[in-house]
Amino acid sequence: MTTTRDVAQKFMDCLCAQAFSDAFDLLSDDADYQIIGTTAVSAPMKGRDTVKATLVPALASFQKPPKLTCHEIIVDGERAVGLASGSGVGPTGLNYEQPHYAMVMRVRDGKLVSVMEFADTVAVEVALLGKKLVDA
């Protein structure tokens, strides 16, 4: 039997190995995935195929794909939280620094049925989309 911890650990291991397609293969056919925030990449995604079609090309567009380090996985029943950090170089050529990621996951029947990814959205806007933060 595959436990919540097993699935969460494999997901985080794949992300850390930059095996992004393999990580998203752990999603159920109808999984919900969302990068929290209001960036262009923050729209809720439904289904493994949609997630892969959206995120794999976005991650491949990086000049140096994000290299994650998993610091801890916390599990309670069918819920898991992976705490990580990472850095890379975005498609804009600007550094992508994420000192704090939190991947909130729900596992059922050995698959991820939902993932909410919490990250610094300013880093996403700058390195991935080429936007700059300016004083109001």
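Brief remarks follow.
- Carbon and sulfur %, accessible surface of segment 18-63 computed with the full protein complex present, 1.4 Å: 53 percent
- Full-extension gain in nm, residue 5 to residue 116, via 0.36 nm per residue minus C-alpha separation: 38.3 nm
- Accessible-area ranking of 100, 71, largest first, probe 1.4 Å: 100, 71
- Net +/- balance of residues flanking residue 84 in space, Cβ distance below 12 Å, scoring K and R +1, D and E -1: -2
- Total formal charge among the other residues, if their Cβ is under 12 angstrom from that of residue 40, Lys/Arg +1 and Asp/Glu -1: 0
- The Cα atoms of the chain cover 50, 28, 28 Å along the three principal axes, with the biggest extent listed first.
- Computed per residue of the chain from DSSP H runs no shorter than four, each worth -39500 (n - 2.57), the mean residue ellipticity at 222 nm is -7000 deg cm²/dmol.
- Net +/- balance of residues flanking residue 123 in space, Cβ distance below 13 Å, scoring K and R +1, D and E -1: -2
- Size of electric dipole in the chain: Cβ of Lys, Arg +1 and of Asp, Glu -1, about Cα centre, debye, nearest 20: 200 debye
- Placing one equal scatterer on every Cα of segment 1-62 and applying the Debye formula, the log10 ratio I(q)/I(0) at q = 0.24, 0.28 Å⁻¹ is -1.11, -1.29.
- Pairs of lysine residues in the chain - Cα separation under 27 Å, sequence separation of 8 or more or cross-chain: 17
- Label-point separation in nm, residue 132 to residue 19, each point 7 Å along Cα→Cβ: 4.1 nm
- The mean accessible area for residues of segment 74-136, using a 1.4 Å probe and ignoring ligands and nucleic acids, is 53 Å² per residue.
The values are calculated or read from the model by the stated rules, or taken from the named source; none is laboratory data. Just so we're clear, the structure is a prediction, and the values are computed from it rather than from any experiment. Heads up, the Cβs are rebuilt from the backbone with ideal geometry, glycines too, and the neighbour counts pull from every protein chain shown. Ligands, DNA and RNA are stripped out before the accessible areas are found, and what is left, the full protein with its side chains, is counted by its heavy atoms. Shrake-Rupley method; radii C 1.70, N 1.55, O 1.52, S 1.80 Å.
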